[in-house]
Amino acid sequence: MSPLSGVSPPLGVFLLFGQVAALGWVAVKTLLLYATAVAGLRLTKRRMIAELSPFDFVAAVAVGAIVGRTATASDTSYLTGAAALLTVIAVHAVVTQVRLRSPSPHWFDHTPRILVDEGEIQRRQLRRCGLTEPDLYAILRQHGVASLSSVRYVIFEPKGAVSVVTRDRPVGDVTHHGLRHAPRP
C-alpha cells in the first residue's frame, strides 16, 4: 500500500523497481563478496589473473558468477556466497598445485601445436586447434609476416597464444623446447 494513496502500486512498478528497502542490503552483500573475492584471490597464485589456462578461466568465470548471483539474489545469503566463492578458490589452488607437481602436465594443459613447419601449413593441426587458413593468415599479418615462405615455424601455444619464428632468426633453445613437446606431423 502506498501511504499517499491507500492503494498498492501496480505490479509493473514493483517488478521494475523491486523493494527499495532491500537495496542497502544488496550493496552491503556486494561489498562483502567483493572483499572476500579479493582476499581469496590474493592468497592464490598470481597466474589466475595473468595468462588464463582453461582451469583459470573456469575459476574466474565461477568467481564472477557467484559474486553477481549472490549479490542480487534475495534468497541467497552472504555466507552461502562466501562458502561457494572460497570453495572455488580453494579448488583452483589445489588444481594449480597438482598441475605443478604432475608428471604428466598434458593431463591439464594442451600441448603446443605446430601450425606451420618450415613454411608448410599443417592443415590437420590447424583443424585440431579450431583454426582456418584465413585465421592463420590473419595471425601472420599481425606478426608482420608478408610471405609464408619467410616462416620457419608457427606454434600454437598451450594457452592459445601464437608464436611465429621466421627464417631470419635463429632457432634457439626456447623454440626447440616448444617443438620438442609438440606432436610432429
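Structural remarks
- Residue among Ala35, Ala39, Ala60 that alone is open to solvent by less than 50 Å² (accessible area, probe 1.4 Å) and either among the aromatic types (Phe, Trp, Tyr) or at pLDDT 80 or above (or both): Ala60
- Of the listed requirements (1) modelled with pLDDT of 90 or more; (2) over 22 Å from the mean Cα position of the chain (by Cα); (3) at negative phi, Gly144 misses just one: (3).
- Test: residue in the stretch 103-117 that is under 30 Å from Ala22 (Cβ atoms) and modelled with pLDDT of 85 or more: no
- Considering residues of the stretch 152-173 that are more than 22 Å from Pro54 (Cα to Cα) and open to solvent by 40 Å² or more (accessible area, probe 1.4 Å) only, the residue modelled with the highest pLDDT: Arg152
- Checking His176, His92 one by one, the residue that is at pLDDT below 90, within 24 Å of Asp56 (Cα to Cα) and not polar (S, T, N, Q) is His92 and no other.
- The stretch 130-151, residues that are under 25 Å from His110 (Cα atoms), in contact (Cβ under 8 Å) with a residue 12 or more places away in the chain and open to solvent by 60 Å² or more (accessible area, probe 1.4 Å): His143
- Hits in the stretch 117-145 - residues which are within 13 Å of Asp168 (Cα to Cα) and hydrophobic (A, V, I, L, M, F, W, C): Val145
- All of (1) open to solvent by 60 Å² or more (accessible area, probe 1.4 Å); (2) in a helix (DSSP H, G or I); (3) more than 30 Å from Asp109 (Cβ to Cβ); (4) modelled with pLDDT of 85 or more hold for Phe14 with one exception: (4).
- Among the numbered conditions (1) under 30 Å from Val26 (Cβ atoms); (2) loosely packed, with under 14 Cβ neighbours inside 10 Å, the only one that His92 does not meet is (2).
The values are calculated or read from the model by the stated rules, or taken from the named source; none is laboratory data. If you're wondering where the values come from, they're calculated on a predicted model, not measured in any experiment. All Cβ positions, even for glycine, are placed from backbone atoms using ideal geometry, and neighbour counts span all protein chains on display. In case anyone asks, the SASA skips ligands and DNA or RNA and just uses the protein heavy atoms, side chains included. Shrake-Rupley method; radii C 1.70, N 1.55, O 1.52, S 1.80 Å.
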